[in-house]
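Contents: one structure, followed by commentary.
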């Protein structure tokens, strides 16, 4: 991997330390000097500074142009975007280059991981007092944020393995996907990675990017669907439908808006349970002079997709599951949209609707 441009730092993520270590050794098994570094744990006092501390250490290890490449195995609670952000924010003038972000997945454990709603706090893996992620959340995010997903520990049953393979592609259609024994693995990892943190998988749709794939017909039991609409959700009906919208769903994500809060972009994310929270305002409410401060890709997509009535407000949600009913999900979400009569009340009437989601907004977002 090393070149005259300086050593590469490849990072390996995953919830199973044994699988991550095995994938790291596979990556090292090639020509050229390479150093493997394991960050297996981090004391409670340092949880909040973990990404920054790791990046400082890695930049030191790969500081000079003639230093060997580094393969870093990250603690199981880390997400690729956390390290991308820390790397982008740091600069020591050294020769180190950020390489590929790899997530190692144990095929025979994937379903158990995605459906695990135990909190990271319950297993002492939290990154701070406000870290409320579940194990399922972490497993899904590690897959979604990777440059390359490497699958190891294939199940003996070929059909089960194909199910895992399809599921991984549906959960994360944008990264590369390889088996741990694929001879192309090392060659793929010689390229530098992305320094800039990409949009979150929950908000990719704001920039016109893919949020998921619409494959409603089952393939090895895996189905996926994408829901898009303009008119807002009725907060009460959507809240009442949450159980139906998580039935047989392994992963869902995206953004949406509620009639009761027409000023807010809200994120939607679920593994075992649904997590909802404010992301930003809509560009429709932004003064013209502030548009230049918005991400250019989001600004361009909003202008392209602008609606005369709803402006840039819209829903973009994706669902992936086993034996999931895509038609049922679409029908349920459609029933949650405001009716023509409710729409005719206008924003003043919408804001008076009872909103069971109100506690999801921070104080700064309250009306």
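Counting every alpha-carbon pair across segment 108-164, the share separated by more than 14 Å comes to 61%.
Computed over the alpha-carbon atoms, segment 8-188 gives an Rg to Rh ratio of 0.96, Rh here being the Kirkwood radius from the mean inverse distance.
A simple spin-label model places pseudo-atoms 7 Å from Cα toward Cβ; at residue 122 and residue 228 they are separated by 3.8 nm. For the pair residue 179 and residue 335 in one chain, pulling the backbone fully straight at 0.36 nm per residue adds 52.0 nm over the alpha carbon distance. GNM remark for the chain: springs join alpha carbons under 10 Å apart, and the peak mean-square fluctuation among 22, 96, 104 falls on 22. Here the Debye sum runs over all C-alpha atoms of segment 184-340 as equal scatterers in vacuum, and log10 of I(q)/I(0) at q = 0.19 Å⁻¹ comes out as -1.20.
Annotation: segment 213-291 has a Kirkwood hydrodynamic radius of 14.4 angstrom, from the mean reciprocal C-alpha pair distance. Both the radius of gyration and Dmax for segment 258-342 are 15.4, 48 Å, in that order, over alpha-carbon atoms. Of interest is the spacing of the C-alpha centroids, which for segment 190-251 and segment 62-78 amounts to 33 Å. Taking all Cα pairs closer than 8 Å and separated by 6 or more residues, the relative contact order of segment 187-267 comes to 28 percent. Annotation: extensible slack from residue 91 through residue 351 equals 89.0 nm (criterion: 0.36 nm per residue apart, minus Cα-Cα distance). Extending 7 Å from the Cα toward the beta-carbon at both residue 286 and residue 130 defines two label points whose distance is 2.3 nm. Counted by neighbouring Cβ atoms within 10 Å, the residues 306, 268 run from fewest to most as 306, 268. Connecting C-alpha atoms closer than 10 Å in a GNM of the chain, tell me which of 12, 123, 150 has the biggest fluctuation. Looking only at 12, 123, 150, the biggest GNM fluctuation is shown by 123. Between residue 244 and residue 210, what is the FRET efficiency for a Förster distance of 22 Å, r being their Cβ-Cβ separation, to the nearest 0.05? After rounding to 0.05, the efficiency reads 0.30.
Hey, how much of the P(r) for the chain falls beyond 39 Å, as a percent of Cα pairs? Percentage above 39 Å: 20. With r as the distance between the Cβ atoms of residue 300 and residue 112 and R0 = 56 Å, compute the FRET efficiency 1/(1 + (r/R0)^6) and round to 0.05. Here the calculated transfer efficiency is 0.85. By DSSP, the beta bridges lying fully in the chain are antiparallel in about 55 percent of cases.
Per-residue ellipticity at 222 nm computed for the chain from its helices equals -8000 deg cm²/dmol, with DSSP H segments shorter than 4 residues left out and the rest contributing -39,500 (n - 2.57).
All of the numbers you see were taken from the coordinates with simple rules; none came from a lab. This structure is a prediction, so every number in the text was calculated from the model and none was measured. As a convention, Cβ positions derive from the backbone with ideal geometry for all residues, glycine included, and neighbour counts pool all protein chains shown.
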